[in-house]
Amino acid sequence: MASANWLKATTQKAGAMKKHLGQKEREQGNHSNKDIDRTLSKNNYSLGCSDYSEALESMKHRTKEVDELIPPKRIRKDRVTCCFIELPCPRELTVRGLSDDFFKGAYKTLCDFFGVKNVHGGFVHKDEVHTYTDKDKTLRTSLEHIHVLVSAYTPEKGINGKAFETRTRLKALNSALDDMCFRSFGIRLNTKETPTHKSVERLKEESELMDTVNHLLNIVNDLQKAEQKAVLNATEAENNALLAEERAERATTLTENVEIRKENAKKELEEITRQLKITKKELDSAAEDLESVLDMKARASEIHKISHIFGETVEYSKTMLEKTRAIGSEAYERVKKAHEERQKAAEDRAETEEMKRSIEPLYERANAEHEQAVQERKKQQQLRENMENEIEKRADELAEKKISIMFGNIPRSKAQRLYDFCEEVKYKDGSSVLDAFEQQEQELRERSKKKNRESWGLE
């Protein structure tokens, strides 16, 4: 059986692996590997994370966390930050239906070997099982396998791909996985034993023994599945019984409440009937008393009293009615005012949104015009500097030309005597002829500069 396959990767490459390891991308994306059976992609699953995006973010967070504690000397573009470890499941375990148990055991072994913080997720692929021809022209079938994303971390170097993948660590990991496979399933993951070292009888005995063991394991597995199914059915039946019992108790409680309410209603009805009978008797007695009253004055007095009481009752009812109306009117006004305020707030909000939408283009346009003005100002400044430099250059050339005209045809000794003569001749203000000439030349240059600036619109 082949050992674990290590594939070092950068953070960018790990991000690109989402198309291959993400469940959604696996089912819906287009892959260069035509041997992926999309009808089986639903059987793929992840360990240690919900999906590949979560594992990728966990790896990036771990890289940042370790870099703060053990900063790298320099960060290169092709810096190795993680590693994908691919491990196939032995065909025998797949046939026995134990591939999922193998992947869980392998993932736990990797967590123990590298540390839980450095293992970010495992992704089991069951949709790449296909037949292929090996290098020795043998027809073989690919295996179910798992890809595990691991940070390239060592306690001494931090995140460092070179220190992470060494021959010693490779051998140690293969040994740990081999021990796990032998302890849990009784077979070797990385066996070096060859059949040629055994006799034919021994090989036959081992083959028959292995077939018997596989048959027994299948029977045990079927029994375990049947037992689990029976336990699930029993649990479901028990839950249904408890649910039916709860419903029965609830129905009983409701029935008792209905009976209590019926009894209370019956008692209230009897009480009302009794009070009505008493009221009827009192009314009959009052009628008899009224009929027995023959005195018209007494009757008038009684009528007056009754009218007075009725009038007070009417006045009280009117007062209460007016108060009720006032309260209702006040409540109506408050509701109306609240409705108007809400409507106004909605209108203000809509108006604010409209103003915001109308202002945004103006703001963008103003920014663009401001940027354009800045660029124009820079261009004008550059043009002005170029023009000033050109003016100075032309003025210097003019001065040189004048000097050449003045002294060009005069021998050097004579030019020197002329210069000395101009220095000796003084004006009343103490300046020499040469000073007066240089001052005149300076004024000519200034006038020329000003005239050029005016002609170019700079002043």
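The values are calculated or read from the model by the stated rules, or taken from the named source; none is laboratory data. Keep in mind that this is a model prediction, so the values were computed, not measured. Neighbour counts run over all protein chains shown; Cβ positions are idealised from the backbone, glycine included. To get the accessible areas, we keep the full protein, side chains included, count just its heavy atoms, and leave off ligands, DNA and RNA. Shrake-Rupley method; radii C 1.70, N 1.55, O 1.52, S 1.80 Å.
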- region 54-95, residues that are within 19 Å of MET180 (Cβ to Cβ) and charged (D, E, K, R): GLU86, ARG91, GLU92
- Candidate set: region 11-22, residues that are buried (at least 17 other Cβ atoms within 10 Å of the Cβ) and of a type outside the set (Lys, Arg); chosen: the one modelled with the highest pLDDT: ALA14
- Could you give me the residue pairs with C-beta distances under 7 Å whose first residue belongs to region 55-73 and is without any contact (Cβ under 8 Å) to a residue 12 or more places away in the chain and of a type in the set (Ser, Thr, Tyr), whose second residue is open to solvent by 70 Å² or more (accessible area, probe 1.4 Å) and part of a helix (DSSP H, G or I) wherever it lies, and which are 6+ apart or on separate chains? none
- Could you say whether any residue in region 220-233 is out of contact with any strand residue (DSSP E or B) (no Cβ under 6 Å at 6 or more places or on another chain), at pLDDT below 70 and either over 29 Å from VAL95 (Cα atoms) or surrounded by fewer than 10 Cβ atoms within 10 Å (Cβ to Cβ) (or both)? no
- Message: Which condition from (1) out of contact with any Lys or Arg (no Cβ under 6 Å at 6 or more places or on another chain); (2) open to solvent by less than 60 Å² (accessible area, probe 1.4 Å); (3) under 17 Å from ALA9 (Cβ atoms) is the one that LEU98 breaks?
- Response: (3)
